[in-house]
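Single-structure report; data block below.
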Amino acid sequence: MMPTSLQLMLLAGALVGLGVALLASRLVPVQPDAADVIARLGRRRPPAQRLDADCDSDDLEHRLGLWAYRWLPSLVWARTPVTQLALLRKPLARFYGEKVVFALVPLVGVPILTAIISLATPVPWAMPVAGSVGLAVGLWFVPNLFVVADAKTARSDFTRELAAYIDLVAMERSNGSGPRQAMEVAAQMGDSWVFGRIGEELARSRWSGVPPWDALQALSEQLGLPELAELADIMRLSGEEGAQVYITLRARSSALRNALLNAELENANAANERMSMPASMLGVVFLVILIGPALIRLIA
């Protein structure tokens, strides 16, 4: 075991080095956030308050996310999946809090596990330090992977529901409804989150006096959904130029369904290939078992 005095010296040196690193990170010039600058110039709420308004302040992950956003360098948030979070309607504070929790688990758990193991056998201090830091860095990006995977599924669901919504809008237009009325009535016919999201934007556009196609265009840019932007362009032609868009809408919904079908076929083919790999490996192992002894005798 390492002498206690030497352990205290190493711990003190580590704390001093951490303090110097944190102080240096605060003094390093960073690129200002354009949204933050515009918000401050426009006398809007600062980013921390906007994060605070996103979810319940009594949530532990929310409080940790707010603390981390205020005190950690902005460089650590460089790869925040903002579009995916907007699609999932996941607050930034909760996302930041999840990253902090994932990083704290190895930083706290590994030293405790090491202390328990060291009761039976000595453990070099470098192993738990390197292990905890490495696991913390790796787990820091795990919430990003979860958000990207969930957003991919949500985007597929949105496209599927959007095809049905476009058909409903086309039927309402064929029945003589106006562009806005057709879009609003179609949004009320479904009970999924996609129909609800579109209905919210249409209701907000009515109260704010914004054309509904402009509202859907803004929503498509916010969520990264080009299919919704194409619907907005079609309805803009119908609302501003009086174009007959029934055939165009039906063709667009058919194209979305064909794209979804092709994607499902690709996933099925990929699944079949993954299922065939174990059988191929078993065949290779069987051939090695049959040919191996003969090759060994020839070499010998």
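The values are calculated or read from the model by the stated rules, or taken from the named source; none is laboratory data. Please read these numbers as outputs of a predicted model, since none were measured by experiment. All Cβ positions, even for glycine, are placed from backbone atoms using ideal geometry, and neighbour counts span all protein chains on display. Quick note on the areas: whole protein, heavy atoms, side chains included, nothing else; ligands and nucleic acids left out. Shrake-Rupley method; radii C 1.70, N 1.55, O 1.52, S 1.80 Å.
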Scan of the stretch 129-147 for residues that are closer than 16 Å to residue 90 by Cα and out of contact with any helix residue (DSSP H, G or I) (no Cβ under 9 Å at 6 or more places or on another chain), ordered by number: 145
Where residues in the stretch 113-128 are in a loop (DSSP other than H, G, I, E, B) and in contact with a helix residue (DSSP H, G or I) (Cβ under 8 Å, 6 or more places away or on another chain), which of them is nearest to residue 102 (Cα to Cα)? 125
Only one of (1) under 25 Å from residue 80 (Cβ atoms); (2) hydrophobic (A, V, I, L, M, F, W, C); (3) touching a Phe, Trp or Tyr at 6+ places or on another chain (Cβ under 8 Å) fails for residue 186. Which number is that? (1)
Could you tell me whether residue 276 is under 30 Å from the mean Cα position of the chain (by Cα) and among the polar types (S, T, N, Q)? no
Quick one: how many residues across the stretch 61-116 are of a type in the set (Ser, Thr, Tyr) and touching a Ser or Thr at 6+ places or on another chain (Cβ under 9 Å)? 2
Complete set of residues in the stretch 256-296 that are closer than 30 Å to residue 164 by Cα and acidic (Asp, Glu): 264, 266
Looking at the stretch 105-118, which of its residues are surrounded by 15 or more Cβ atoms within 10 Å (Cβ to Cβ) and under 30 Å from the mean Cα position of the chain (by Cα)? 106, 110
Candidates 121, 80 - the one that is over 25 Å from residue 199 (Cβ atoms), polar (S, T, N, Q) and open to solvent by 50 Å² or more (accessible area, probe 1.4 Å): 121
Give the residue, chosen from 232, 255, 263, 270, that is small (Gly, Ala, Ser) and touching a Leu at 6+ places or on another chain (Cβ under 8 Å). 232
